[in-house]
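In what follows, a single structure is set out as structure tokens and then discussed.
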Amino acid sequence: MSRLKQLVELAPWGRDLAMLWRNRHRGSRSFAGVFPTFDAAQTAASVDGRGAYDNQNQSKTLEDELAGIDQWFDQSDYALLHWVTQWVGAGDRVVDLGGSVGHTFYTFDRLQGLPTELTWQIQELPAAVALGQQIARHKRESRLRFSTDWPDQEAGKTDVLLSAGTLQYMPINIDELLRRVRPERVLLHHLPSTSGAPFWTVQLLNKSSVPYQIFSWPQVQAALSDAGYEIIDEWWQARRVDIPFKRKAFADAYRGLAARRNP
């Protein structure tokens, strides 16, 4: 089988056919198509028939999540942990975009101990919000808040805006997000990125097919600068996103940054 696989990959488009086969059989964390906008990717995703991203959350249970709620950490998260530790202080309000049921909050609280006087606001889809609230009640955690609404300045001052591996799923530009929220500090983590032009693809998950953005890292940097933020740290993980039959469309790394608003 391995010999056959080698022969297939040596043939014209063989690498792409092998990638497509792996995608179909693994059924998770694979990608298909290249699209100019979120809406175009959403239309393509709807044809697949797996459903929207919230389907991933609907099958989760309290017992399943409690077992590992504070264990979501690997080596690529050290930079984010460092800046959360440095920048989140007593009395601060953190807006965690796409923070699921609170994995980052519970994990970082276990590792470093977050301030006792803190508001950690998670913006999520309905199923994640419902389960996150249930978990917070079970753990008697009063620092967490959950909402399905997009954050903005009317909701209150945002000291830290955080997105850890979630902004690529959202139909909003970074510059628009910064205008709406106007956070004092910004932490972006695990953004799939390229040095070329940005694009959208469709990520194929076990129970859903969803639009997925590949960012232009120079454009991300420019958006922060144009909005009046100083980037003071960047980090990256050598992890690719390849699209079958789209050789020129790829992400070469997942990147992150820490930025603060200029006085």
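If a spin label sat at a point 7 angstrom from the Cα of residue 137 along the line to its beta carbon, the backbone N atoms of the stretch 88-109 nearer than 20 Å would be those of 100-103, 106. The largest accessible area among 236, 72, 120 belongs to the first residue in 236, 72, 120, and the rest follow in falling order (1.4 Å probe, all chains). Could you tell me which of rounded, prolate or oblate describes the stretch 52-200, using a ≥ b ≥ c as the square roots of the eigenvalues of the alpha-carbon gyration tensor, with rounded for a/c under 1.5 and, failing that, prolate when a/b is larger than b/c and oblate otherwise? Cα axes put the stretch 52-200 in the rounded bin. Accessible surface for residue 63 stands near 130 Å², nearest 10, in the context of the full protein assembly shown (1.4 Å probe). The peptide list 249-256, 175-182, 98-105, put in order of mean Cβ contacts within 10 Å with the highest first, becomes 98-105, 249-256, 175-182. Solvent exposure of the stretch 103-146 amounts to 49 Å² per residue of accessible area, where only protein heavy atoms count and the probe is 1.4 Å. Whole-Hz Karplus values for the stretch 104-112 come out as 5, 4, 5, 5, 5, 5, 5, 6, 10 Hz, taken residue by residue from phi with 6.51 cos²θ - 1.76 cosθ + 1.60 and θ = phi - 60°; glycine and proline positions read x.
Globularity index of the stretch 158-231 is 1.14 (Cα radius of gyration / 2.2 N^0.38 Å, N = number of residues). Couplings for the stretch 242-257, taken from phi via the Karplus curve 6.51 cos²θ - 1.76 cosθ + 1.60 with θ = phi - 60°, read 10, 10, x, 6, 10, 4, 8, 10, 7, 10, 9, 6, 9, 10, x, 7 Hz in order; Gly and Pro are left as x.
The values are calculated or read from the model by the stated rules, or taken from the named source; none is laboratory data. Because the structure is a prediction, the values reported are computed rather than measured. Here Cβ is always computed from backbone atoms with ideal geometry, including for glycine, and neighbour counts include all displayed protein chains. Only protein heavy atoms, including side chains, enter the accessible area calculation; ligands, DNA and RNA are left aside. Shrake-Rupley method; radii C 1.70, N 1.55, O 1.52, S 1.80 Å.
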